[in-house]
1. Can you find even one residue in region B:216-236 that is at positive phi and away from chain A (no Cβ under 14 Å)?
2. Any idea which of B:Asp272, B:Asp207 is of a type in the set (D, E, K, R) and closer than 25 Å to A:His320 by Cβ?
3. Got a number for residues in region A:318-340 being within 18 Å of the chain's Cα centre (by Cα) and over 16 Å from A:Asp229 (Cα atoms)?
4. Quick one: is A:Ala288 within 25 Å of B:Gln64 (Cβ to Cβ), hydrophobic (A, V, I, L, M, F, W, C) and within 14 Å of chain B (Cβ to nearest Cβ)?
5. With B:Val247, B:Val324 as the choices, which residue is within 14 Å of chain A (Cβ to nearest Cβ) and touching a helix residue (DSSP H, G or I) at 6+ places or on another chain (Cβ under 8 Å)?
6. With respect to B:Ile41, is the statement that it is within 14 Å of chain A (Cβ to nearest Cβ), touching a Gly at 6+ places or on another chain (Cβ under 8 Å), within 14 Å of B:Val331 (Cβ to Cβ) and hydrophobic (A, V, I, L, M, F, W, C) true?
7. Residues of region B:163-196 being under 24 Å from the mean Cα position of the chain (by Cα) and surrounded by 20 or more Cβ atoms within 10 Å (Cβ to Cβ), which ones?
Number of protein chains: 2
Amino acid sequence: MPTIHDLDTPSILIDAARAEANITRAQAHADRQGLKLRPHIKTHKLPYWAKKQIAAGAVGITCQKIGEAEVMADAGLTDIFLPYNILGPAKLARLLALHGRVTLSVTADSVDTIEGLAATFTDGGHRLSVLVECDTGMGRCGVQSASEAVALARRIDQAVGLAFGGLMTYPAAGRAEEAEAWLANAKQALAASGLACERISSGGTPDMWRSSDTSVVTEYRPGTYIYLDRFQVTKGVGTIDDCALTVLSTVVSHPTPARAILDAGSKALSSDTLGLKDFGELLGTPGARVTGLSEEHGTVTLSGDAKLRIGDRVRVVPDHCCVVTNLFNEVNLIDGDRVLETLTVEARGRMA
Amino acid sequence: MPTIHDLDTPSILIDAARAEANITRAQAHADRQGLKLRPHIKTHKLPYWAKKQIAAGAVGITCQKIGEAEVMADAGLTDIFLPYNILGPAKLARLLALHGRVTLSVTADSVDTIEGLAATFTDGGHRLSVLVECDTGMGRCGVQSASEAVALARRIDQAVGLAFGGLMTYPAAGRAEEAEAWLANAKQALAASGLACERISSGGTPDMWRSSDTSVVTEYRPGTYIYLDRFQVTKGVGTIDDCALTVLSTVVSHPTPARAILDAGSKALSSDTLGLKDFGELLGTPGARVTGLSEEHGTVTLSGDAKLRIGDRVRVVPDHCCVVTNLFNEVNLIDGDRVLETLTVEARGRMA
């Protein structure tokens, strides 16, 4: 069996046991809270993990792109949520085809999106479930008020081929209570209009851990929880030892005692720091910080007793793992030093 | 012939005439200065453009990864420079194979790198050209002094299968004069040691335009000049109308009068702003700014008379085009609205 020493760098390593433990831990939490778990595959983009998440008890998966959903449907996943406004004839035709082979649900936050869906989905015997996206404080997509949510829900309910599926939000980081109040109010407004709201879907790995069993939220769509990363560690979701994804890299230069250069730059680790200082954490080398990235070089600043030598192989926990898997064609599942399997990141690059 | 209206979003559009004009303009400048041009393919990762660059007069190409060089060699490119410390048996074996089929040169900034090369390349009849990388102010790779450069050049010169090929630098942005002085001094030190230095290679699109015909630099490795981007425009390299690469995107949500959401986020435009404010420039919509990105959403802030509607298709000039092509599997060459050809980004994802 090959080992990580046989891999060329930079490469992605996924500690399989840690990822499985992260899946189990989140599912147990959701079960305790009476929450349905619908993991977001954006983090791994792999049918392999999507199936493990379902096997652990997830009710289905979440994809962000039709192309991702198609890959997952091809691999045998049967319940897919696309929390996105799907617009335009090309995407709507693909969405209709997908609806013919999996249990599908989508979101809308405008009449425009609903009109497009209503014109495409016309079979009252096999209606598409459409949730209304709500802006509960994040300031991205979503209706701005409960009354807007009610108006859109009514419009969905009136379309022959659509069914009002509930509410969906991506809450502002750390403002889950605000989101909770927003959604509870909207649910009440829907009820007052005679519209049942059986599904309320929320997202974000950190917030999932703060959810309570008295919440109006019925399902969570965490993505990053499977691998975790430096950002999640700063949010207290786990420790650095829970992080399943690392980037294996080689020290290719050591021009000064305080500076070493890795063969992993922004095309391997990404420039997406999510606001953190430094571009990742170098395992096992206290005093070594990844302080800069250019496209194919990572700059490590060494202080104190930190030592690196040219040719050393190091492992970097990235700041944001979801954008890192999106840069690589393959990931390597590992157990200690052994490489169990090399998987093609099948849903990567499915832009539309 | 298909048009851009037939493309799904997000997609990359390359205005073919603009890219060709950018190639021609840079080549003419280099010719005027008596400089050799050796374009860096990191920006486009396409044999299609590499061949056009050679046809326009470039002496060869620059690649950053062996995998990129292999793609280019397979496509018939014959003179490749890899300005990188190549380390480890797997990469050295591939480098040796590459040396058997193209005119190859590489760099080194340490004895470790040179020892690895010297042990692999042992044919005195077909020596590998190795340039010494110099840190002329950027603070990334490279020897720190002229005396270090001389010591490494001597070590290269002594290896049976290696030939000292000259000096290479990536200058600090806007500090070309500092780099010039550094290199002139090193060249003199080499001469004093009896080592001829016939090739001095420098990089960076903006600095190329400030080069003079009295420089010690003999060749330039610009990458971004072919497409240009918002960062290059701020550096005065061209206007927004010279930018050949745009990301075609759809307005998928318009939750408030001042906020519209695009279907291009950090997985399409990248988070790499190179220090600029905003994440790209939206063409033809003054008052509309791309003020935020999450993975699959771009947030546009509208002010004044700026108007967008859900379903509108817009074109975004990214801040840094090199990291954008690295996210897509395909680019579309266009002439006005016509799609001339859709090219697979063949050298994308060649991490090692």
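1. Of all residues in region B:216-236, those at positive phi come to B:228, B:236.
Still in the list and also away from chain A (no Cβ under 14 Å): B:228, B:236.
Yes, region B:216-236 contains a residue that is at positive phi and away from chain A (no Cβ under 14 Å).
2. Details: B:Asp207 fails: closer than 25 Å to A:His320 by Cβ.
On inspection, the qualifying residue turns out to be B:Asp272.
3. 3
4. Numbers: within 25 Å of B:Gln64 (Cβ to Cβ): yes; hydrophobic (A, V, I, L, M, F, W, C): yes; within 14 Å of chain B (Cβ to nearest Cβ): no.
When the stated conditions are applied, A:Ala288 does not pass them.
5. On the way: B:Val324 fails: touching a helix residue (DSSP H, G or I) at 6+ places or on another chain (Cβ under 8 Å).
Step by step, each of B:Val247, B:Val324 is checked, and only B:Val247 is within 14 Å of chain A (Cβ to nearest Cβ) and touching a helix residue (DSSP H, G or I) at 6+ places or on another chain (Cβ under 8 Å).
6. Working: within 14 Å of chain A (Cβ to nearest Cβ): yes; touching a Gly at 6+ places or on another chain (Cβ under 8 Å): yes; within 14 Å of B:Val331 (Cβ to Cβ): yes; hydrophobic (A, V, I, L, M, F, W, C): yes.
Here the answer is yes, as B:Ile41 does meet what is asked.
7. Result: B:Gly165, B:Gly166, B:Leu167, B:Met168, B:Thr169, B:Tyr170, B:Pro171, B:Ala176, B:Ala179, B:Glu180, B:Trp182, B:Leu183.
Residue by residue, here is whether (1) among the aliphatic types (A, V, I, L, M); (2) out of contact with any Cys (no Cβ under 9 Å at 6 or more places or on another chain); (3) within 14 Å of another protein chain (Cβ to nearest Cβ); (4) surrounded by fewer than 24 Cβ atoms within 10 Å (Cβ to Cβ) holds:
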residue	(1), (2), (3), (4)
B:Arg94	no, yes, yes, yes
B:Leu104	yes, yes, no, yes
B:Thr107	no, no, yes, no
B:Asp112	no, yes, yes, yes
B:Glu115	no, yes, yes, yes
B:Arg127	no, yes, no, yes
B:Asp135	no, no, yes, no
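The values are calculated or read from the model by the stated rules, or taken from the named source; none is laboratory data. Given the structure is predicted, the values throughout are model-derived calculations rather than measurements. With ideal geometry, Cβ positions are generated from the backbone for all residues, glycine too; neighbour counts draw on all protein chains shown.
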